[in-house]
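The values are calculated or read from the model by the stated rules, or taken from the named source; none is laboratory data. Fair warning: this is a prediction, and the values are worked out from it, not measured in the lab. FYI the Cβ positions are ideal-geometry reconstructions off the backbone, even for glycines, and counts take in every protein chain you see. Accessible surface areas use protein heavy atoms only, side chains included; no ligands, DNA or RNA. Shrake-Rupley method; radii C 1.70, N 1.55, O 1.52, S 1.80 Å.
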Amino acid sequence: MSEMIEGHGGELALAALRAYGVTEMFTLSGGHVFPLYDAAHKAGFPIYDVRHEQSAVFAAEAVAKLQRRPGLAVLTAGPGVTNGISGLTSAFFNASPVLVMGGRAPAFRWGSGSLQEIDHVPLVAPVTKYAATVAGTDQIPAEVARALTAALTAHRGPAFLDLPLEVLFSSEDVAAPGAPEIPVVEPDPGDVARAAELLAAAERPVIIAGSDVWGGNAIAELRAAAEALQIPVFANGMGRGALPPGHPLAFARARRPALDGADVVAVIGTPLDFRLGFGEFGAARVVHIVDAPTQRAGHVETAVSPAGDLRLILAALADHTGPRADHSGWIDGLRVAEDAGKARDAEAMAAESDPIKPARVYGELRKVLAPDAVTIGDGGDFVSYAGRYLEPAQPGTWLDPGPYGCLGTGMGYAMGARVTYPDRQICVLMGDGAAGFSLMDAESLARQKLPVVIVVGNNGIWGLEKHPMQAMYGYDVAADLQPGLRYDHVVEALGGAGETVEKSSDLGPALERAFDAGVPYLVNVLTDPADAYPRSSNLA
């Protein structure tokens, strides 16, 4: 006989959530979802609250990304849910298994004009893997299980559940949820063998590894495949650090000569989107390895596209026993280009200038960041420099908005990262434009004793818009912010601390103070508004 559980809708939901590994809730308080709070409070289940619903979803997404398990955001009805849609959409593009549980006006009065009455499901369905309204209290555990199973099944992504007021507040006696059963997508052996043959026989092969390699827990298999086949590896997204910077097959600065000269490019666990020139690599044949058939590129011709569990595919590549070419000359040539690129970067990161160049900010950060620090990019121009100059030493330590490019992730990601890693350095790299989206949630961090370091590159402009508009039209509009604005004073007023830095020589000491502060601390760096990241390069 199945074990039974009894309680109101919040208690039934919590039992199912725990069965799937959820250990905390991110939310902004709302009456429609009180039973979920009641269940969590009585069970000692942590609740973290924010000042804008998008930050709750971004915090849940950070947990999902970093821990490779479901993150939970609970949003009240109407504007609570609609405020969270940008977060849901980012999670959709990032393959993050986030569950958003939304309150809903009572079903028995539907159409009468209840407070915040709107049908959320049609709004969120295009950016979720599963979206449903729970029809009865007794159905809550099963619906939570369906939603989380969908979220965790490759290709992973967010799910949404709508909980009408009377469904959530009522009580039932139902069967306890069982253990999760997440299906594994088996790749076609022929596709895998063809990919292995192409890579082994290529004279100038390249691997580009993306976020799904981390999300699919395939880091070890990637390293084994690269080492077995002796192929240079570049990474983007959360694939960064998959091979540590000192690894003989790890490359970052030689990307252009690698892609210009390659005869086979294997893109693993990331889409062939704008960050990779839409998959157009000259005469090179493209091997696109994805975690599900739905992720195969339809806009370019590929030589082969194995689809399935990335651990299985990469392990098979590592085990390939067929003929293989000698790649040592190719690797040595790329190493020369890599070393030259690093030398140029080192010069830029040490530059003494007034005002401060963004590269110098990252040069100083590299001196103080621990190998396991989590760095979070929230911005456009300023964060483009981060993608170039920061090299994560470990996988799973880099968070950026991903291909959707949504600003405002910073404080939510910081909350999720701090909850995940209470003892690590958490550093948010934020443009002054991005600061306008989420900086009020520094109050949420301060109030709940979640210290992080926030480095704002403050150039007083929307850098990705002002310079291109000037180049195209000879003028710009709607591209200026207040120069020298004291974002550090904002964080101080919200319960944290901070300072403004105007000289390069003051950067190092300011960063050391920030990491020792024990509160949210904002280092407001006045950077050169004339310095623009080259648009020919995309944040990887």
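Observations, loosely collected:
- Charge-dipole axis of segment 134-179 as Lys and Arg at +1 and Asp and Glu at -1 on Cβ define it, positive-most pick from Ala142, Leu165, Ala154: Ala154
- Antiparallel %, DSSP beta bridges [both residues in the chain], to 5: 10
- Inter-part distance, segment 455-514 to segment 349-399, computed on C-alpha centroids, equals 15 Å.
- When the alpha carbon gyration tensor of segment 437-520 is reduced to an equivalent ellipsoid, the three semi-axes, largest first, read 30, 16, 9 Å.
- For the chain, the mean residue ellipticity at 222 nm estimated from helices alone is -11500 deg cm²/dmol, where every DSSP H run of n ≥ 4 contributes -39500 (n - 2.57) and the total is divided by all residues, rounded to the nearest 500.
- Cα gyration tensor category, rounded, prolate or oblate, for segment 371-413 with a/c compared to 1.5: oblate
- Local electrostatic count at Gly21 - Lys and Arg +1, Asp and Glu -1, tallied over other residues with Cβ under 13 Å: +2
- Given R0 = 22 Å, the distance between the Cβ atoms of Asp188 and Ala283 translates into a calculated FRET efficiency of 0.25.
- When segment 211-314 is reduced to its Cα atoms, the Kirkwood hydrodynamic radius in Å: 13.8
- Segment 30-182: C-alpha gyration tensor shape, a/c 1.5 cut-off, then a/b vs b/c: rounded
- In the context of the full set of protein chains, segment 300-423 has a per residue accessible area of 37 Å² (1.4 Å probe).
- Tail beyond 16 Å, pair distance distribution of segment 1-96 (Cα, percent): 55
- The residues of segment 21-144 have, on average, 33 Å² of accessible surface per residue, using a 1.4 Å probe with all protein chains present.
- When both segment 197-249 and segment 84-119 are represented by their alpha-carbon centers, they are found 38 Å apart.
- Neighbour net charge for Val300 - beta-carbon separation under 13 angstrom, K R +1, D E -1: -1
- Cβ-based charge dipole, segment 359-426, positive-most Cα from Tyr413, Val383, Val368: Val368
- Measuring nothing but alpha carbons in segment 241-383 and taking Rh as the Kirkwood radius, the Rg to Rh ratio lands at 1.01.
- Paramagnetic reach from Glu166 in segment 101-127 [backbone N under 17 Å; point 7 Å along Cα→Cβ]: 104-115, 117-118
- Value of relative contact order over the chain, rounded to a whole percent, pairs C-alpha under 8 Å and six or more apart: 14
- Charge dipole (Cα centre; +1 on Lys/Arg Cβ, -1 on Asp/Glu Cβ; no other charges) of the chain amounts to roughly 500 debye.
- Global geometry of segment 184-240, whether rounded, prolate or oblate, following the gyration tensor of its Cα atoms and the 1.5 cut on a/c: oblate
- Over segment 393-496: Kirkwood hydrodynamic radius from C-alpha pairwise inverse distances, Å: 15.1
- Accessible carbon and sulfur surface of the chain relative to its total accessible area, %, 1.4 Å: 53
- Normalised size of segment 354-436, defined as Cα radius of gyration per 2.2 N^0.38 Å with N residues, equals 1.04.
- Average Cα contact separation per residue, segment 366-454, under 8 Å, 6 or more apart, as relative contact order %: 37
- Across segment 300-317, coupling constants 3J(HN,Hα) worked out from phi with the 6.51/-1.76/1.60 Karplus curve, θ = phi - 60°, read 9, 8, 10, 5, 6, 9, x, 10, x, 4, 5, 5, 5, 5, 5, 4, 5, 4 Hz, and Gly and Pro carry x.
- Scalar couplings 3J(HN,Hα) for segment 32-47, obtained by applying the Karplus form with A = 6.51, B = -1.76, C = 1.60 to θ = phi - 60°, are 5, 10, 3, x, 5, 5, 4, 5, 5, 4, 5, 8, x, 8, x, 10 Hz; x denotes Gly and Pro.
- Over all other residues within a Cβ to Cβ distance under 12 Å of Gly396, the charged ones net out to +3, with Lys and Arg as +1 and Asp and Glu as -1.
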